[in-house]
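Beneath this line is the structure, given in structure tokens, with notes to follow.
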Amino acid sequence: MDKLKMVKDKKYPKGTKVADAIADSDAIAAYVNGELKDLSYMLNKNSVVKPVTFKDEEGKKIYWHSTAHIMAQAVKDLFPKVKLGIGPAIEDGFYYDFDAPRPFTPEDIDKIEKKMKELIKADYKFTRKELNKTEAIDYFKAQGESYKIELINELSGTVSIYSNGAFTDLCLGPHISSTGKIKAFKLLKVAGAYWRGDENNPMLQRIYGVSYPTQAELDNHIKRIEEAKLRDHRKLGKELDLFSIFDEAGPGLVCWHPNGAIVKRVIEDFWKEEHIKRGYKFVSTPHIAKSNLWHTSGHYEFYEHMTNLKFGDEDYVLKPMNCIYHILIYKSKIRSYKELPIRYAELGTVYRYERSGVLHGLVRVRGFTQDDAHIFCREDQVMDELIGVLELAQYMMKTFGFSEYQVDLSVGEQGMDKKYAGSNKDWEHAERVLAKVLKLKGLNYKRAEGEAVFYGPKIDIKLLDALGRPWQGTTIQFDFNLPQRFGLSYIGEDNKPHPVIMIHRAVLGSLERFLGCLIEHYKGAFPVWLSPVQVVVATVSKGVEAYAKNVLAQLEAHKIRVELDIGPNKIGHKIREAIINKVPYILIIGEKEESTNSVSVRARVEGDIGSFKLSNFIDLLNKKIEAKTL
């Protein structure tokens, strides 16, 4: 209903077509009394109508999803034996999954694009029709579309289909009014994808694409894609010798090489320092726990990423999160109101079963380190604790170079109470508290329905990288369920037990995902305080090796991460190697530098910055490292 509060339009009478009620020529759909509808929709009662354009988030999804239908129509026209999967809008465009007799070739993609242009030029109208389940199953059975039948069998009530020209697809809608509304598009790549992300299902072919109302917007998007390829953390991770994921060890399991392990350790050390300043106590917990704990917590009932183990006759779980052990530590003795708040922090490695179809470099893995913490506090302390977490998150994001981010208030999905634990009253209270905190901190946010965890609503903060792409970062979860399930309490001033409030929070989230984000944000060229190698000492000629080694020793004595290159290659080659490895500083050592007890400094960003006494350079570098200069 929030959208209706923003509407200034008058109500339109029953029997009015949505398109007739909207003066905005850029509209591609509309909110009718808060629900998305096609422009062809006929009002069945007096209604408030608000136009939706491509500038709106929902407008982009409609535009891209409509283009996916056009692509599917082109594929079916060209390759009639292909079976249709699904074709949703995604964050930056759309895809459609196809079960094809053979892999699509680059030549096939060219043909599909050409056919799409013909269908767009024909300007077929998108028309909606509703069928009962039996009619829908009969229709798609006649078309041989087995994947569509599987989807229909999971639906209840009427089923909606959309047609554009001779092509018909199962779809909830809405859509643009006609195919001719698509002005510029590009098919980007083909990839394999298991049906519904499950490796036990058939492997389909997924064609990705994107579309825009103007060619200029599309061209800009393509440029961003090319830049994103250069920043791909999987590519840079290999080039910079940061990490590997070995097929023989298992998908989604990260092995950190020395360079990557250094960056990870620097992040962890900074994280620990800031938590100590804020009164957190560190704990360390096992990787497995008896399964009965996860039954008590509700994870078995509500959480799908569990991995079971068997030790003798006892059932265990490979822990997907750290909260259970933190609860047990809290419960290990009677707590007084004077002790609260208690803040437990842990860089805990957890494991979650993710389907192989969704695994992606460091961003989506099966084993990862969570910068986890749990705060146990009284009701009257909740606001201060939440504000403290937000301030810590903002400070750390700024330190790592992220000045912009998106904030979601993730809440439960209406009408889906069985997905969540606890009473509606508790959920509403928790949501109000989180919203109040965000407003107090002046953070704009959007309400994300259905994105809450099963035990309570949460605040999600997404970092925006150098290309403006969102990455999941901070998560703050208000939990009233687990304290009740485990009987957590404290003794109040009245010497009686009182229920404790529990706050789950991760500031950086998964360290693996955060490092993937950092790699792409900085294009692998980390700030000097994060760089695995901060300085390379390179010799110009023979005869100065002893002086170069002395320079190396002095840098190491100041805990500067340094490498020595005294090999036979020419200095130009040595400089190029250091540049390729994105080292922040190169110290060039020749006879002149030895005779003057100095170093010639080449910076990654500024280039040659002149000759320095070594002690002066060390002072300069240490100041940058200590200040965490970006």
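Solvent-accessible area of the stretch 350-440 (1.4 angstrom probe, protein heavy atoms only): carbon and sulfur portion equals 47 percent.
Label point of residue 557 set 7 angstrom out along Cα-Cβ; within the stretch 604-630, amide nitrogens under 12 Å from it belong to 615.
With both labels modelled 7 Å from their Cα along Cα-to-Cβ, the residue 78 to residue 571 distance reads 5.6 nm. For residue 189, neighbours were defined as the other residues whose beta-carbon sits under 14 Å from its Cβ, and their charges (Lys and Arg +1, Asp and Glu -1) total -4.
Across the stretch 503-630, counting alpha-carbon atoms alone, Rg and Dmax equal 16.3, 62 Å.
Shape annotation for the stretch 561-620: C-alpha extents along the principal axes are 27, 25, 20 Å, from largest to smallest.
Rolling a 1.4 angstrom probe over the protein heavy atoms, how many square angstrom per residue are accessible across the chain? Value returned for the chain: 49 Å² of accessible area per residue. Pairs spanning more than 30 Å between alpha-carbon atoms, out of 83/319; 462/628; 17/115; 14/186; 11/458: 83/319; 17/115; 14/186; 11/458. Computed on the Cα trace of the stretch 36-81, the radius of gyration divided by the Kirkwood hydrodynamic radius gives Rg/Rh = 1.16. For the stretch 207-264, the Stokes-Einstein estimate of translational diffusion at 10 °C and a viscosity of 1.306 mPa s comes to 114 µm²/s, using the Kirkwood hydrodynamic radius over alpha-carbon pairs. The share of C-alpha pairs in the stretch 278-383 whose separation exceeds 22 Å stands at 41 percent.
Taking a Cβ cut-off of under 14 Å around residue 577, the surrounding Lys, Arg, Asp and Glu residues balance to a net charge of +2, with basic ones at +1 and acidic ones at -1. Our estimate of slack between residue 630 and residue 90, defined as 0.36 nm per intervening residue step minus the Cα-Cα distance, is 191.2 nm.
Within the stretch 63-209, what whole-number % of the accessible surface is contributed by carbon and sulfur, with the 1.4 Å probe and all protein chains included in the calculation? Whole-percent figure for carbon plus sulfur exposure: 51. Binned at 10 Å from 0, what are the whole-percent values of the Cα-Cα distance distribution for the stretch 132-280, short to long? Using 10 Å bins, I get a P(r) of 8, 19, 25, 21, 17, 9, 1 for the stretch 132-280. Think of it as helices only: each DSSP H run of n ≥ 4 in the chain is worth -39500 (n - 2.57), and spread over all residues that comes to -10500 deg cm²/dmol at 222 nm. Spin-label pair residue 328-residue 485: with each label point 7 Å from Cα along the Cα-Cβ axis, the two points sit 1.5 nm from one another. Is the shape of the stretch 15-132 rounded, prolate or oblate, going by the alpha carbon gyration tensor and its root eigenvalues a ≥ b ≥ c, with a/c under 1.5 for rounded and a/b larger than b/c for prolate? Taking the square roots of the gyration eigenvalues as a ≥ b ≥ c, the stretch 15-132 is prolate. Applying a DSSP loop filter and a limit of 12 other Cβ atoms within 10 Å to the GluC sites (Glu not before Pro) in the stretch 214-323 leaves 248, 304.
Based on the Stokes-Einstein relation at 4 °C and a viscosity of 1.567 mPa s, and on the Kirkwood radius from alpha carbon pairs, the chain is assigned a translational diffusion coefficient of 46 µm²/s. Each label point was placed 7 Å from the Cα along the Cα-to-Cβ direction; for residue 384 and residue 183 their separation is 5.6 nm. Subtracting the Cα-Cα distance of residue 223 and residue 200 from their residue separation scaled by 0.36 nm leaves 4.6 nm.
Gain on full extension, evaluated as 0.36 nm per residue between residue 278 and residue 435 minus their Cα-Cα distance, stands at 54.2 nm. Accessible area of residue 316 (1.4 Å probe, protein heavy atoms only, ligands and nucleic acids ignored): about 40 Å².
The values are calculated or read from the model by the stated rules, or taken from the named source; none is laboratory data. Predicted model, so just to flag it, every value in this text is computed and none were measured. Virtual Cβ from ideal backbone geometry, glycine too; neighbours counted across all protein chains shown. These area figures cover heavy atoms from the full protein model, side chains too; ligands, DNA and RNA do not enter into them. Shrake-Rupley method; radii C 1.70, N 1.55, O 1.52, S 1.80 Å.
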